[in-house]
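Novice: Please see the structure below; I have some questions.
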Amino acid sequence: MNGVGQPCEGELHARLDGEGLETEQPPPRQPFTRQIRNVRDKLPQRLGRPVEHRMRTAYHAGSALDAEAQLQALARELDKTHPGAAASLREGLAETLTVLRLGVPPTLARTLRSTNTIESMISICREHAGNVKRWQDGTMALRWCAAGMVEAGKQFRRVNGYLHLPALQAALEAEIARTVTGSCEDQEEVEAA
């Protein structure tokens, strides 16, 4: 729970019904879900739904270039009447399209877009470290955090789409090679000039 009694993302949500307390797992959090919410919060209610629909359509486009073009066009439209929403849309745009840009298959992409795994690990680490009454120094905090991660690791399940992990690794290596090679070539051009 956060300071105002609202459940934090990734925690079990509790619902009180007539017969008692039931817990339910929240839906998977996705980076673009947060992005959509941030944009929608800066718009009048009548514009929120249509903009959300256009953003979701863009995030499910066939390629990252298509998605980026659709989102940039939407941002240009919003610039005129709602510059705050347009700025929020542009903020982190490249990061939200990473999974799409890497060409990750849908089953693995769904897993990677969700932040539930990391939020679950953080929650377990927090719970594990809650046993400490007096912190001595930073290294003690790191040790307890590491111990919490080991504990969380015992509860991890197989990743949906795990058979596609070699393809993801190849895509990441190609992206890194392209990025590093590109920055090295840029540096050589600067040194030559």
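Each value in this text was obtained by applying a stated rule to the coordinates, not by laboratory testing. Note that the structure is predicted; figures quoted are calculated from it, not measured. Glycine also receives a Cβ, built like all others from the backbone with ideal geometry; neighbour counts cover every protein chain displayed.
A quick yes/no check of all residues on (1) of a type outside the set (D, E, K, R); (2) part of a helix (DSSP H, G or I); (3) farther than 22 Å from Leu163 by Cβ; (4) over 22 Å from the mean Cα position of the chain (by Cα):
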{"residue": "Ile122", "(1), (2), (3), (4)": "yes, yes, yes, no"}
{"residue": "Cys125", "(1), (2), (3), (4)": "yes, yes, yes, no"}
{"residue": "His128", "(1), (2), (3), (4)": "yes, yes, yes, yes"}
{"residue": "Lys133", "(1), (2), (3), (4)": "no, no, yes, yes"}
{"residue": "Gln136", "(1), (2), (3), (4)": "yes, no, yes, yes"}
{"residue": "Trp144", "(1), (2), (3), (4)": "yes, yes, yes, yes"}
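Novice: What residue, among those in segment 76-93 that are part of a helix (DSSP H, G or I) and touching a residue at least 24 places away in the same chain (Cβ under 8 Å), is surrounded by the most Cβ atoms within 10 Å (Cβ to Cβ)?
Specialist: Leu89
Novice: Would you confirm, using the coordinates I've provided, whether Met140 is surrounded by 12 or more Cβ atoms within 10 Å (Cβ to Cβ) and farther than 30 Å from Ile36 by Cβ?
Specialist: yes
Novice: Taking the residues in segment 100-122 that are within 15 Å of His60 (Cβ to Cβ) and β-branched (Val, Ile, Thr) as candidates, determine which candidate is surrounded by the most Cβ atoms within 10 Å (Cβ to Cβ).
Specialist: Val104
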